[in-house]
């Protein structure tokens, strides 16, 4: 078993390891997400009470970085980055057709928004590509660093059915 040498690390940067969202419940399917108050999306989501979470694959990395480097307040990101807006079936926010998966969401609980910029959303509808089963998705870790999904290992046979 490997042992790691560790050092003190700024707690303000642990988002690199934990991400910016968390699954909170299976049924109804809930997740929490921090959105910076200075982000253009913050007020749009707060007012509309809905959003779409789009999951890109690594081939969209240049577009994802470009999107992160500009504000929707100043530019139409769909037009600038040649992305296709698709109408959702549950929310008015657009889905990005080029993304592997799109999740239509509505705010379920907004009690922590004013204090922590923390939204709790309910997934209303999920759209996921039929293949590949395990795509190379791109996940932002902060400070310009992304994680690309890698090798998948199944331990399904070791689990009791009720724990799957």
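The values are calculated or read from the model by the stated rules, or taken from the named source; none is laboratory data. Only a predicted model underlies this, so the values are computations on that prediction, with no experimental measurement involved. Virtual Cβ from ideal backbone geometry, glycine too; neighbours counted across all protein chains shown.
Every condition in (1) over 19 Å from residue 109 (Cβ atoms); (2) in contact with a strand residue (DSSP E or B) (Cβ under 8 Å, 6 or more places away or on another chain); (3) touching a residue at least 24 places away in the same chain (Cβ under 8 Å) is met by residue 86 except one, and the failing one is (3). Looking across the stretch 3-58, the residues that are within 17 Å of residue 141 (Cβ to Cβ) and in a helix (DSSP H, G or I) come down to 11, 12, 13, 15, 16, 17, 18, 58.
Note on the stretch 60-83: residues that are part of a helix (DSSP H, G or I) and touching a strand residue (DSSP E or B) at 6+ places or on another chain (Cβ under 9 Å) amount to 6. Selection of the stretch 5-41 for residues being loosely packed, with under 11 Cβ neighbours inside 10 Å and within 13 Å of the chain's Cα centre (by Cα) yields 18, 23. When each of 45, 67 is tested for being at pLDDT 95 or above and more than 24 Å from residue 17 (Cβ to Cβ), the lone residue that passes is 45. Listed here are the strands (runs of 3 or more DSSP E) enclosed by the stretch 97-164 that have at least 2 residues being touching a helix residue (DSSP H, G or I) at 6+ places or on another chain (Cβ under 6 Å) and surrounded by 14 or more Cβ atoms within 10 Å (Cβ to Cβ): 138-142.
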